[in-house]
Amino acid sequence: MTEIPKNAVKCLDKGFVRLVDSMGGDDAIVQAARVSYGKGTSKVSQDRGLIRYLMRHRHTTPFEMVEFKFHCKMPIFVARQWVRHRTANINEYSLRYSEARDEFYYPDPKQIQFQSALNKQGRSGNVPKQLTDKLLKYFKEISERSFDMYKELNEAGLARELIRAILPVNLYTEWYWKNDLHNLLHFIGLRSDSHAQYEIRVYSDAMAKAVKKVAPFAWEAYQDYVISGLRFSRVEQSLLEQRLPDRVIDDILEDVAYQITATLHNNKRREDADLFPLYQKQGGSDSEDDFKLKWASGEIEIGNVRELREFKTKLKQLKK
Ligand SMILES: Cc1cc2nc3c(=O)[nH]c(=O)nc-3n(C[C@H](O)[C@H](O)[C@H](O)COP(=O)(O)OP(=O)(O)OC[C@H]3O[C@@H](n4cnc5c(N)ncnc54)[C@H](O)[C@@H]3O)c2cc1C
């Protein structure tokens, strides 16, 4: 099996993730999206805005235009979880064809914890050293003993496709794994989440670094709208509608009017005299004096006009 290559990110005790190849990046997403909108080329800031729009509205196919091919080495029990992501193309090291190598995963003592009482799929709490040592001793014993048996059976000429079955699932395997950006982000969203098992999270986090480099705008949009975005169920929405006082919504709408004005001004400079009417056009209701004070404070955040207008529409829907 492969030693850890120079350009790979080390994962767990003996594994790694290495980006072998990628096709396209943010530009490929924009290029594909513009076919559907029939527009020509444009500036970088517009590319970012378009990618954010696509992510916000779950217009996903342009993200499938970007491809990633990774070479990964991981314990078999991690591969079992990983392989559930069905949209990838995989080619794995064959234990029918090749001999198994003496490479087993031994957890870092810091990762050895008790079964979580709250989360049936999790671990928590500190384990006394005596118990940690025992766990590691058992891991080693079973790995070494089963590998000795495997070697003996292999030397006796028995079929590798059968004798591999006596090896435990902490044995390392490796594969080439290719996926498109849309499905890779979905994988990272699920497997870098705190609910995912630590051992697969390490690999997902390593792949996330590659995505961030290859498609930084898409990565940023994914973080903003999917990972940090909130979606409300019908019941939650109805509670918000009932419980959020109109004055709170009005305050937020007021802020949004300032933000749209500042963003429009940032995108295309306006004369000072045009600013207050522009703010009023966005629904702002402060007096001209208050407007001037707030404007001079320099505390108004800039965003994306389309996104802010969509937010405004949603806020208005919450008003009774
Ligand atoms: C924290 C966690 C706990 C889990 N626990 C369990 C468990 O206890 N038991 C268990 O069995 N699994 C478990 N899983 C695996 C989980 O149920 C999914 O199988 C896995 O996360 C892959 O998700 P996916 O199908 O969305 O991804 P992918 O297979 O990558 O698919 C991506 C998307 O493509 C679409 N898609 C792909 N293939 C098809 C298809 N054939 N038909 C229709 N749509 C398709 C779907 O929209 C899907 O969301 C767990 C996963 C996580 C993250």
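The values are calculated or read from the model by the stated rules, or taken from the named source; none is laboratory data. Nothing here was measured: the structure is a model prediction, and the numbers come from that model. FYI the Cβ positions are ideal-geometry reconstructions off the backbone, even for glycines, and counts take in every protein chain you see. Only protein heavy atoms, including side chains, enter the accessible area calculation; ligands, DNA and RNA are left aside. Shrake-Rupley method; radii C 1.70, N 1.55, O 1.52, S 1.80 Å.
Might you check whether a residue that is in a helix (DSSP H, G or I), open to solvent by 70 Å² or more (accessible area, probe 1.4 Å) and free of Cβ contacts under 8 Å to residues at least 60 places away in the same chain occurs anywhere in region 110-121?
Yes.
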Some residue of region 234-244 being aliphatic (A, V, I, L, M), touching a strand residue (DSSP E or B) at 6+ places or on another chain (Cβ under 8 Å) and at pLDDT 90 or above: no
Residue within region 174-181 that is under 30 Å from L54 (Cβ atoms), surrounded by 16 or more Cβ atoms within 10 Å (Cβ to Cβ), in contact (Cβ under 8 Å) with a residue 40 or more places away in the chain and among the hydroxyl-bearing types (S, T, Y) present: yes
Which numbered condition I302 misses (of (1) open to solvent by 60 Å² or more (accessible area, probe 1.4 Å); (2) among the β-branched types (V, I, T); (3) part of a helix (DSSP H, G or I)): (3)
Complete set of residues in region 176-190 that are assigned to a helix (DSSP H, G or I) and either within 16 Å of A215 (Cβ to Cβ) or more than 9 Å from the ligand (Cβ to nearest atom) (or both): L181, H182, N183, L184, L185, H186, F187, I188, G189
Filter result for F139 (touching an Asp or Glu at 6+ places or on another chain (Cβ under 6 Å), of a type in the set (A, V, I, L, M, F, W, C) and in a helix (DSSP H, G or I)): no
Every residue from region 191-233 that is within 16 Å of the ligand (Cβ to nearest atom), of a type in the set (A, V, I, L, M, F, W, C) and in a loop (DSSP other than H, G, I, E, B): A196
Per-region count, region 152-165, residues open to solvent by less than 70 Å² (accessible area, probe 1.4 Å) and closer than 23 Å to E141 by Cβ: 3
Residue check for R96: open to solvent by 50 Å² or more (accessible area, probe 1.4 Å), away from the ligand (no atom under 16 Å from the Cβ), over 30 Å from E307 (Cβ atoms) and in contact with a strand residue (DSSP E or B) (Cβ under 8 Å, 6 or more places away or on another chain): no
Number of positions in region 67-92 that are away from the ligand (no atom under 16 Å from the Cβ) and either at pLDDT below 95 or open to solvent by less than 30 Å² (accessible area, probe 1.4 Å) (or both): 3
Residue match in region 242-249 (condition: surrounded by 14 or more Cβ atoms within 10 Å (Cβ to Cβ), assigned to a helix (DSSP H, G or I) and either out of contact with any Lys or Arg (no Cβ under 7 Å at 6 or more places or on another chain) or touching a residue at least 24 places away in the same chain (Cβ under 8 Å) (or both)): yes
For R101: the one exception among (1) within 16 Å of the ligand (Cβ to nearest atom); (2) in contact with a strand residue (DSSP E or B) (Cβ under 8 Å, 6 or more places away or on another chain); (3) among the basic types (K, R): (1)
Meets criteria (within 16 Å of the ligand (Cβ to nearest atom), open to solvent by 20 Å² or more (accessible area, probe 1.4 Å) and free of Cβ contacts under 8 Å to residues at least 60 places away in the same chain) for K129: no
Answer from L253, L275 - the residue that is under 26 Å from Q46 (Cβ atoms), in contact with a helix residue (DSSP H, G or I) (Cβ under 8 Å, 6 or more places away or on another chain) and assigned to a helix (DSSP H, G or I): L275
Whichever residue in region 8-21 is open to solvent by less than 50 Å² (accessible area, probe 1.4 Å) and assigned to a strand (DSSP E or B) and, among such residues, is nearest to R101 (Cα to Cα): G15
Filter pass, Y138 being away from the ligand (no atom under 16 Å from the Cβ), of a type in the set (S, T, Y), over 25 Å from L190 (Cβ atoms) and surrounded by 12 or more Cβ atoms within 10 Å (Cβ to Cβ): no
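Any idea which of D289, D255 is open to solvent by 40 Å² or more (accessible area, probe 1.4 Å) and more than 31 Å from the chain's Cα centre (by Cα)?
Details: D255 fails: more than 31 Å from the chain's Cα centre (by Cα).
The conditions single out D289.
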